[in-house]
Amino acid sequence: MALLEVRDLKMYYKTLRGHVKAVDSVSFDIERGKALGIAGESGCGKTSMAVTVLRLLPSNGKIHGGSVKLDGVDIVKLDDEEFRKSIRWKKISMVFQGAMNALNPVHRVGDQIVEAILAHEDVSHQEAVTRAEELLDMVGINPKRYKEYPHEFSGGMKQRVVIAMALACNPDVIIADEPTTALDVMVQSQVLKAMEDLRKRLDLSMILITHDLSVIAQTCDNIAIMYAGKIVEYGNVIDVFDHPTHPYGMGLVKSFPNIKAERTRVRSLPGFPPNLLAPPKGCRFHPRCPLAGDICMEEEPELIEIGSNSHKVACHKVDMLERGVDIWEQ
Amino acid sequence: MGFSRYLLRRLGYALIVLFVIMSFNFAIFRLMPGDATKMIIDPMFTPEAIAELKRQFGLDDPPLVQYFKYVGNLFKFDLGLSFSTRRPVVNELKERLPNTMMLFLTSFTFTTIIGISVGVFTASRRGTFSDNFVTGAGLFTYAVPTFWIQLLLLMLFGYYIPILPIHGTMSAPPPDGFLLQFLDRIHHLILPAGSNVIVAFGSWALYTRNTMLEALGQDYIVTARAKGLPENTVLRHHALRSVLPPIVTLIFGALPGMVSGAVITETIFSWHGVGKYLMDAVMQQDYPAAQGAFYLIALAVVICNLAADIVYGIVDPRIRVGEGGAK
Ligand SMILES: Nc1ncnc2c1ncn2[C@@H]1O[C@H](COP(=O)(O)OP(=O)(O)OP(=O)(O)O)[C@@H](O)[C@H]1O
Ligand SMILES: [Mg+2]
């Protein structure tokens, strides 16, 4: 049994013009100590998926089914109070997208870490302070800066503080949503490295959301490629990068000429991402897919295993693709 | 710009304003229709008596001399003799001031506490019935004229449900014993202070609600929730705490208006304070008394303004930065 098992998770935002199906039947597993990278175009539902797992939905967001099992317990079914006390931060913590503003400007950085510890653990204030100082030290910040305010920190340091904070209660899973996008390249790699070292040392599981496939290639064990609220390709990082199989996944990976060397953002494929208020019928990718046939416009493809190693793809034309046709050639 | 320079400049402005008020104060009562000397001078008096009275009240000098004497006396806290009581105005004001302070501080404390709490409450329940109801009520009492609500309350508690005194600062004769006297005063305080709270809490509530809603949309609030903090802590310790600086600034900024509003409240509820004293003096064309009360109220407004400026300076980082960066 995997540490975190997400099955058929659906979360829609209610708007005046209907439901935005931001997370639509998403399933994946994460083993203890492993990292899953999630990639996909802007607006495909990555952040939505993450906040659904932590149940931090805005008032118009609602879970419409599915389960999230942590150690076998379905945390979607827990009541709010229990979820808050026993899951948030204690079991699953999160580093938010745009974490530049994740720290409250009117509180000392150290206190913000201490607060998280005291909310979940029965320790004295002094013990919590000591732990916070250790955490700051772990992410490479002088513990003497405990008493400073966020505006006295640089962007990269704030991000380290946020990471230290995410580790404060020894969670099982840490969800990092674009943890480094706001930072310049040098700092990005420092922060990523610090995070990777800590994760390995503490045997943490991680969900890493990023536009940057090279980051996933360097740090993750598995990758899930999302398109329009769904996972269209899932598998071992090596399998997916060597043999991307879904037309969208293929386009995404191919747009990184050399994953190891070059840092570019996902180059956009022809066409536009679909409107999640009324996603295309059948396969959501069909309007942009060179292979789209009749069946693609009618039936939604299932995420099925191809080959070995639990490499999964949701595409009707998968037979064709497995033969290695390069569809984005022209 | 350094904080101290900023302060000095503000202090300079305050002094200029005081000077203008002082001069204005001198002129306005002499320009008002009606001859005030009639108040003290009976046409039946002998010319010698009239001259003596005029001399006593300093009315025989040319206006400019009167003005300089007036300014000189102000610095000695000598506000002259009241025409109607023939007592020093300073002494009369000294008796009145504690009553005004009591009413003012009570109104102010409850207005801000209730206003801010209501704002936090409604923000946390945005869009629900209780939000709409409380916000609507606050908007209503904020929008209608103060005296109208006060007159309504007066009618309600003076006539229909006569459980609260509507007049004065204490019963006459006062009850025996310190405790009973204290309770009697509080009893008298309820209506005037309560009416002030009712008319003023709405604007605090609305302002707090709006800034709270803005704060609640910030990333650090999501972080606070994600950390598993109880909703109450998120609301108070994170959202409210981060919007407190602008609220405090605004509170100080509103102080002068509250001081001047006291005149109306004191008049309506016959509250034995400086505001009512001013009103009575004006009605009786009692120059020295009116001037003295007016000056005291103006002084209070200027001091409150200065306090507001200082708080702005402390809260607004753009002013603090010149002082050598953080903190
Ligand atoms: N509160 C909301 N109400 C309605 N729609 C929303 C809300 N939040 C997000 N959405 C919509 O849900 C979809 C998914 O948004 P989400 O933020 O999860 O995308 P994302 O993959 O994280 O994008 P990015 O890479 O830009 O961060 C988008 O179409 C977005 O417009
Ligand atoms: Mg996002």
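The values are calculated or read from the model by the stated rules, or taken from the named source; none is laboratory data. Given the structure is predicted, the values throughout are model-derived calculations rather than measurements. Neighbour counts run over all protein chains shown; Cβ positions are idealised from the backbone, glycine included. Only protein heavy atoms, including side chains, enter the accessible area calculation; ligands, DNA and RNA are left aside. Shrake-Rupley method; radii C 1.70, N 1.55, O 1.52, S 1.80 Å.
Worth a mention:
- Crossing angle, helix B:63-75 versus chain B [Cα axis fit, 0-90 degrees, rounded to tens]: 50
- Scattering from chain A was approximated by placing one identical point on each alpha carbon and applying the Debye formula without solvent; log10 I(q)/I(0) at 0.09 1/Å stands at -0.48.
- Chain B: most fluctuating residue of B:Val144, B:Val199, B:Val259 per GNM, C-alpha cutoff 10 Å: B:Val144
- Overall form of the range A:169-294 per C-alpha gyration tensor (a/c, 1.5; a/b vs b/c): prolate
- Point-to-point label distance, B:Thr85-A:Asp74, nm (Cα→Cβ direction, 7 Å offset): 7.9
- Hits among aspartates and glutamates - C-alpha to C-alpha of A:Lys147 under 19 Å, sequence gap 8 or more where chains match: A:Asp111, A:Glu115, A:Glu127, A:Glu133, A:Glu134, A:Asp137
- 10 Å beta-carbon shell around A:Met157, net charge (K/R +1, D/E -1): +1
- Sequence-distant residues sharing a close amide H with A:Ile306 (under 5 Å, placed H): A:His311, A:Lys312, A:Val313
- Where N is the number of residues in the range B:210-305, Cα Rg divided by 2.2 N^0.38 Å: 1.74
- The length gained on full extension between B:Ile310 and B:Ser171, counted as 0.36 nm times the residue separation minus their Cα-Cα distance, comes to 46.0 nm.
- In degrees, nearest ten, helix B:241-268 long axis to first principal axis of chain B (Cα): 30
- The alpha-carbon positions of the range A:120-230 define a convex hull whose volume is 129 Å³ per residue.
- Atom-type composition of the exposed protein surface of the protein assembly as shown places 61 percent of the accessible area on carbon and sulfur (1.4 angstrom probe).
- Computed with a 1.4 Å probe over protein heavy atoms only, the accessible surface of chain B comes to 54 Å² per residue.
- Unit charges on C-beta of K, R, D, E only; dipole of the protein assembly as shown, Debye: 1020
- With R₀ set to 22 Å, the beta-carbon distance separating B:Arg9 from B:Leu299 gives a calculated FRET efficiency near 0.65.
- Close lysine pairs were tallied over the range B:2-325: pairs 8 or more places apart or on different chains with Cα atoms under 20 Å apart number 4.
- Pair A:Met297, A:Ser310: separation of 7 Å Cα→Cβ label points (nm): 3.7
- Net charge contributed by nearby residues that have their C-beta within less than 14 Å of B:Gly177 (K/R +1, D/E -1): -1
- For the range A:87-130, heavy-atom accessible area (probe 1.4 Å) falls by no less than 30 Å² from the chain alone to the full protein assembly at A:Arg88, A:Trp89, A:Phe96, A:Asn101, A:Ala102, A:Asn104, A:Val106, A:His107, A:Glu115.
- Leading residue at positive end of dipole, the protein assembly as shown (Cβ point charges), from B:Ile149, B:Ile198, B:Leu93: B:Leu93
- Dimensionless Rg over Rh [the range B:2-325; C-alpha; Kirkwood]: 1.07
- For the range A:211-218, putting each phi into the Karplus relation 6.51 cos²θ - 1.76 cosθ + 1.60 with θ = phi - 60° gives couplings of 7, 8, 5, 5, 5, 5, 4, 7 Hz, in residue order, rounded to whole numbers and with x for Gly and Pro.
- Peptides ranked, highest mean first, by Cβ atoms within 10 Å: ranges A:222-228, A:56-62: A:222-228, A:56-62
- Listed peptides A:105-116, B:97-108 by packing density, highest first (mean Cβ within 10 Å): A:105-116, B:97-108
- Largest to smallest principal axis extent of the C-alpha atoms in the range B:109-197, angstrom: 51, 26, 19
- Charge dipole magnitude, Cβ of K and R +1, D and E -1 - chain A, Cα centre, debye nearest 20: 740
- Scoring A:198-206, B:289-297 by mean Cβ neighbours within 10 Å over their residues and listing the highest first yields B:289-297, A:198-206.
- Per residue value of the accessible surface for the range A:142-288 (all protein chains in place, 1.4 Å probe), Å²: 39
- Shielding of peptide B:212-225 by partners, expressed as the average count of other chain Cβ atoms within 10 Å per residue Cβ, is 5.
- Shielding of B:228-237 by partner chains, average beta-carbon count, 10 Å: 4
- By definition, a body whose alpha carbon gyration tensor gives a ≥ b ≥ c is oblate when a/c is 1.5 or more and a/b is not larger than b/c, and the range A:126-187 fits this oblate description.
- Förster radius 35 Å - calculated FRET efficiency between B:Phe19 and B:Phe178 (Cβ-Cβ, nearest 0.05): 0.20
- Over the range B:2-325, Cα pairs under 8 Å with separation of 6+ residues give a relative contact order of 28 percent.
- Taking Cα centre as origin and charging only the Cβ of basic (Lys, Arg, +1) and acidic (Asp, Glu, -1) residues, the dipole magnitude of chain B rounds to 1080 debye.
- B:Leu97 paired with B:Val71, simple spin-label distance in nm, labels 7 Å along Cα-to-beta-carbon: 2.4
- Two-decimal Rg to Rh for the range A:1-85 - Kirkwood Rh, Cα set: 0.97
- Working note: Cα atoms of the protein assembly as shown, range along each principal axis, descending, whole Å: 127, 57, 53.
- Counting only the Cα atoms, the range A:177-238 fills a convex hull of 90 Å³ per residue.
- Cα pair distances exceeding 16 angstrom across the range A:44-154, given as percent: 67
- Note on the range B:2-325: dipole from Cβ charges, positive end direction compared against B:Val259, B:Ala293, B:Gly168; the farthest Cα belongs to B:Val259.
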